[in-house]
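So the structure is just underneath, and the comments pick up after that.
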Amino acid sequence: MISLSIPNLLVSQSTTLAQIPPEERMLDSHVITTRFASAIWIIRQYGSTLGQDITSICASQVFNCQNGHITRVQLSLSYTSFNPTGTGVPDPALTAISLPECVEFAIQPSNSNVFYIGDPNQSILDKLTGLPKVTSMIIQCVVISSIPNGFLRNFPQLTALTLSLSNMTTFHESSFEVSSATITSVNLQFRTLKIYPTFTNSSTSLVWSSIDYLSWTVDPSTAIGPISLVFTPTVFPLLQTLEIDSASDGTTSVTVSCRNITKYETGMTTLPTFPLPTPNFKTWEYRLLSVNTIVPWEAYTPDNTSRLLDMLYNPSLTGSVPDSFCINTLYITSTNISSVPDCYWCYVTDSTVFQTSLPVPPGFTCQWRVDQVNQILYTKEYRANLTGSLMGWGNIVSHPEALGYYKLNAIIPHELLTLFYYTDGTQTNATIKLNENSPHIVNLNILEIGITLSKANVTLLANQKLMFTWLFSFYNNLLVHQFQSTFGLTGPCNINSTKYTITDPIQATITCLMNFNPSFTGTSFTMEVSNPHNKETYTIPFNYYPRLFSGQIDSNNQRLIYLFGDFRQNHSLANITINDKIPCTIIASTIGSINCTLSENASYGPANVSITVDGYLYLANDFLYFTAPPNNNGSTTGGATTGGGSTPQSQCQESTSNCFGHGSCDTNGHCQCDNGYNPIDNCLTKFTNTTPVTNTTTPTSSFEIDGTRFDFELVAIQEIDTDENVVGELLTNSWNATINSDNSTTLVTYQLVNISDPLYIATMVQAMISFSTQPRDIQFGDQLLHSNPNSIKLALNITNWQYSNLISTLRVVFRIDVNMNQTIEFDCKQQSISTFSYDQLSSTIQYLRVIKDNVQYNGRFIDYVLSNGRPTFSKTTLINQTAIQSSSSIMSTLIGVSLPQCQECLLDPDFTPLLIDNTASDCGSTNSKTWKIIVGVVVGGFAAISIAVGTVMLIKKKNQSSKQNKKMMNKLKNMS
C-alpha cells in the first residue's frame, strides 16, 4: 500500500492513493498543498464543520473541484454548518489564497456564527492575491476594518463584487483601483463607516468608471455628521441602477445627476435630493419612508417621459396624488395615500401600471376618448398617432398577424399614443385595446399611405430626356402615385416601368421620364412623389455631361490635344472645336479622356474649348494655353525692366545694368547669373538664410527682415459664376495648427474649423506650410520644380466642396499690402518698379513686386494648377484693392488664383528670401549698399488635394463685377 507524504491537515495518515480522487493523483504534493491549504485556511477561519481532507473538500458543495483545481467557493449555511467554538486555528504562515482556476468566490458565514473568526489578526482580504480568473466575489466579515490599497487589482476578470464589512470605519478610494475595467456591479455594506467618501475621478483606474449597478448600505447612527452622497456623470458615466439602503434613522442626502441612470432604489427613511431625472431614467423605488416624508410630485414629472414611482409598503406615507402625475405609473399598496386621479382608476386592472390598496370609487366610469374614431386613420410605415384623453400608457403586448401585430406606444401618456398596425395596403377595419388588461376598446379604419425612398438617381439620356430611377423601401402599390418636379424641370415624370417586391413592407423600383431643359445649370432636381393622401419631397443630385476637368497640349506638337473629363458612352462621337473655329479630330478616346488633333495651328495664348456629346454642349473659356516659341527680339527673362537696343544682348545690358554686375547678358538677351544670384530678377538678388516666420493661427507665408514684415495670406475660398459674381464663399479665418520639425524641415499642418455655414459643414479644408534650410526639388505634374533654401511652401487641400450650380468654378483668394508707386535706385538712377506685370497673351498676373523700407517682396505666378492629377491652365487675377490710408499709395490687395470645377485640385505657393546686392553700382550715394528682397513664386503644388465638385456646363469669359467684389471686400476688411 502506497501513502503520499502530505501534511496531516490535507490527508490523514490512513488516506491511500486509491482514496484520493483520480484527478488529484497526477498532481505533486506541492500543488496539492498549495490548492487545498487555501481551502483548509478558509474552513478554519470561519468555523466550518466541513472535513479537512481532500476527499471531504471535493465532495462538498462548498468547494467545486475540477481537474485538480478548486473552481468555486461558496461558504454559506446553505452548503455547510458552522461550529461556534471553531474547528482549528488557520495557518498564519499561509500568505496567499492560491486558487488560479476559481471563477466564483463567496464567503457568507451563517447568522449564528457571523461573529466567529478563527484568527482576528488575519484578514482574508490580505491573502486574496491568487484568484486571477475570479468573476464574482462576495466577502462578509465582522472583523475586517480596512481594505488593502490596490485590492481590486488582483482580479483582472472580476465583474461583480459584494463587500459586507461591518467593522470597517474608514474608506480609501485607492482600495478601489482596478487593473482592467471589467467590474460592472458593486454592492457595498459598511455599517460602521465614520466618514463617507466624496467620489472622484482623480485616477482613471477607479472602479466607478465602469459600473452600471451600485448598491450602498449606509448607517447614519455611526457616521460623524450627516451623510452626503453625490453621484455625478463624470465619476459614474455608465451608472444605470443606484440602490441606497439605510441601517438606521438619520439624515442622508443623495444627489444623482448621472445621465444614464434608469433606476433608483432606497430603503432610507427620507427621499433623496437630486436634479430632474434624465430621459433614460425609468424607476424610483422607496421603502421605509418616515411619517414626515413629502413626495415632490411635480419634480417627478419634469417631461412627458413615463416613469414608475414604487412606494409599496410605506404605511406612514399620506396625502393625495395630483392629476399632473398621470404621466407616471404608480405603486402605492399598503400606504395611507387617500386619493388618486381618474387616470389610475381607468387602468386599475393592470398591475403593471397601478397597484393600490384603495377601493375603486363607487359608480366610477372611465371617460376615455380617442379622436380618430369614425374617420380614416392614415398610417406611414404602419404607424400613426392617436390623440385623446385617458388613453393610458400604451399596449406593447405582442398581437398576432390577424390583429396587425399591433402595438401602442405612449408618446405622452393618456394624450398621444403611436399605433403600429400592419396591413397589406388595403383599407382595414381594426379593433384595438388601449390596454391589454382593461376593457377599453377602439375601432379604427386604417389605410397605409407611406412613401419611403431608399435611393434615387437621374440619368441624362441622348434624346434630351431625363430618366429617374427610384428605389422605395416602403410603398403602397395599391395607391396611384405621381412624380413631378418642383424645381429645375416642368411637368410630370411619366412612369415607364414598375417592379414590386411583395415583402413586409412592399418595395418598389420605378423609372420615369421627363424632358430636359438645356438651360438648366443646377446640380440637383427637387422632385415630389405623391399619392391621394400623402406627398414627399426629395432632392436628386444631377451630373451633366460632357464635362472637362483638365486639358494639356503636347509639348512637341501643339496640334495634339489631351482632354480629360466625363464624356459617357458616346465619347468617340464627340464634336470638339478650339476657339469656336478649329476642329479637333478624335484619334483615341475613353469615357474619361480624349486625344484629338487640330486641323490647323491655334493662336498663341489662352484658348476656348467646346465639346458636344449626344447633342449636349460644354464650353470652357481660357481652358488651354498655347505657348509661343522662345522670344529672341530683345526681351530679358526676369523682366524687372524692359528696354530697346540694336540686339537682344545690348537691350539686356542696358535694361539690367549688365545683370546688375552679378552676371552677364548672353546673345539671346538672357542674364546668366553668378553662383548664388537669382535669375528671376536678372541677378539683382542673391539667396539668403533668413528664417521664415511660423504662424500658428493661419496658413500665412511670412518673412521678417530688420523689423519689416511681409505676409502673403490665404483669406477665402470662393465659388464664382461665369461673370465672376461670388455665389459661394468660405472665409478661412479659423484654424487649428500642428507643428512638426526635424533638423532641416519644419511642417505646419492647418485644419479649418468653426465652419458655421450649413452648406460647407461637410467641407474639409487643410493647408500645409513647410520650409527647409536645404534646397528641395518638387515634382509637379510632368515638371520638376526647384525650391531654394529657406523657401516657404504652402499647400492647400479642399475636400467635398458643395457647388451651387453646374457652371461655377473655384477661386482661392490671397491678400497682401502693396505699394502702387515704388522705385529702386541703381547706378544713381531711380528705376520704377511696377507692382504687377501681366502676360500679354492671357492677361494673367505673372509678377508681383512690393517694396517696404528698402526691402522688396517679389512673387511670380505660374499659370497652371493640377486638376485631377494633371496640369491645366489657371489664371491669377487682381480682384480688388482698397487704400489703407486715404492719402497713401499702400493698398490692401486681393489676388485670386482660379481653379476649375475639378474633383481634385492642387495649389502650392512657394516663397524664397533673397538680398539685393548693389555693391557693383558706381553711384556715390550714401544710401545703404545692401538692400534686402524676398521673392515668392506661386506654382501648382505636389500635395494631394481632393475637391468634391458638381458639374460645369458652360464657362463664359470672365468680366469684372464691382458690386460683388465690394461686398466681398467688406467681409474681408474685418480680417485685416
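The values are calculated or read from the model by the stated rules, or taken from the named source; none is laboratory data. Source: prediction; values computed, not measured. Glycine gets a Cβ as well: all are built from the backbone with ideal geometry, and neighbour counts include every protein chain shown. In case anyone asks, the SASA skips ligands and DNA or RNA and just uses the protein heavy atoms, side chains included. Shrake-Rupley method; radii C 1.70, N 1.55, O 1.52, S 1.80 Å.
Numbers below:
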read-out: FRET efficiency for Asp424 and Leu461, using Cβ-Cβ distance with R0 set to 30 Å, rounded to 0.05; value: 0.25
read-out: Global geometry of the range 31-300, whether rounded, prolate or oblate, following the gyration tensor of its Cα atoms and the 1.5 cut on a/c; value: prolate
read-out: Solvent-accessible area per residue, Å², over the chain with all protein chains present [probe radius 1.4 Å]; value: 43 Å²
read-out: Axial C-alpha extent at least 20 Å, average Kyte-Doolittle at least 0.5 - helices from the chain (DSSP); value: 29-45
read-out: Binned Cα-Cα distances of the range 134-264, short to long, each 10 Å bin given as a whole percent; value: 13, 46, 37, 5
read-out: Zone residues, the range 438-475, relative to Thr503, backbone N less than 16 Å from point 7 Å out along Cα-to-Cβ; value: 452-456, 470-475
read-out: Neighbourhood charge, 12 Å Cβ-Cβ cut-off, centred on Lys263 and excluding it, Lys, Arg +1 and Asp, Glu -1; value: -3
read-out: Residue (of Pro400, Leu271, Ser473) at the positive-pole extreme of the chain, dipole from beta-carbon charges; value: Ser473
read-out: Relative packing of 48-59, 803-814, which averages over residues the other C-beta atoms within 10 Å, highest first; value: 803-814, 48-59
read-out: Dipole magnitude of the range 369-448 about its Cα centre (Cβ charges: Lys, Arg +1; Asp, Glu -1), debye to nearest 20; value: 140 debye
read-out: Normalised contact order of the range 451-541, rounded percent, pairs of Cα under 8 Å and 6 or more residues apart; value: 31 percent
read-out: Whole-percent carbon and sulfur share, accessible surface of the range 369-448, 1.4 Å; value: 50 percent
read-out: Sites Ser599 and Ser889 - FRET efficiency at Förster radius 41 Å, r taken between beta-carbons, to 0.05; value: 0.25
read-out: Heavy-atom accessible surface of the range 31-300: percent carbon and sulfur, 1.4 Å; value: 52 percent
read-out: Dipole axis of the chain (+1 Lys, Arg; -1 Asp, Glu on Cβ), positive-most option in Ile798, Gly86, Thr452; value: Thr452
read-out: Spacing of the two label points (7 Å from each Cα toward its C-beta) at Val142 and Phe171, in nm; value: 2.3 nm
read-out: Reciprocal of mean inverse Cα separation for the range 297-405 (Kirkwood radius, Å); value: 15.9 Å
read-out: Antiparallel bridges, percent of DSSP beta bridges restricted to the range 369-448 (to nearest 5); value: 85 percent
read-out: Linear extension gain, Gln783 paired with Ile495, 0.36 nm per residue minus alpha-carbon span; value: 98.4 nm
read-out: Highest-first arrangement of 725-735, 513-523, where packing means the average Cβ count within 10 Å; value: 725-735, 513-523
read-out: Label-point gap, in nm, between Asp554 and Thr159 - each point 7 angstrom along Cα→Cβ; value: 7.2 nm
read-out: Per-pair calculated FRET efficiency, R0 = 25 Å: Asp757 and Asn304 via Cβ, rounded to 0.05; value: 0.15
read-out: Estimated distance in nm for a label pair at Asn579 and Thr365, the labels positioned 7 Å out from Cα along Cα-to-Cβ; value: 9.7 nm
read-out: Candidates per GluC sites (Glu not before Pro) in the range 517-615, loop by DSSP, up to 11 other Cβ within 10 Å; value: Glu600
read-out: Value in Å of the Kirkwood radius, where the range 451-541 supplies the Cα pairs that are averaged; value: 13.5 Å
read-out: Burial ranking of peptide ranges 219-232, 671-684, 146-159 (average Cβ count within 10 Å, highest at the top); value: 671-684, 146-159, 219-232
read-out: Simple Cβ-charge dipole of the range 547-626, Lys/Arg +1 and Asp/Glu -1, about Cα centre, in debye nearest 20; value: 80 debye
read-out: Sequence-separation-based contact order of the chain, relative, with Cα cut under 8 Å and 6+ spacing, percent; value: 5 percent
read-out: From the C-alpha gyration tensor of the chain, square roots of 5λ in Å; value: 79, 46, 29
read-out: Length added when fully stretched, Asn515-Val230, from 0.36 nm per residue minus Cα-Cα; value: 95.8 nm
read-out: Most positive-pole-ward Cα, Ser306, Gln672, Thr293, against dipole of the chain from beta carbon charges; value: Gln672
read-out: Beta bridges by DSSP in the chain, antiparallel share as percent, to the nearest 5; value: 75 percent
read-out: When each of Lys433/Lys535; Lys499/Lys535; Lys133/Lys263; Lys433/Lys455; Lys465/Lys875 is checked by Cα-Cα distance, pairs over 28 Å; value: Lys433/Lys535; Lys133/Lys263; Lys433/Lys455; Lys465/Lys875
read-out: Share antiparallel - DSSP beta bridges, the range 31-300, percent rounded to 5; value: 10 percent
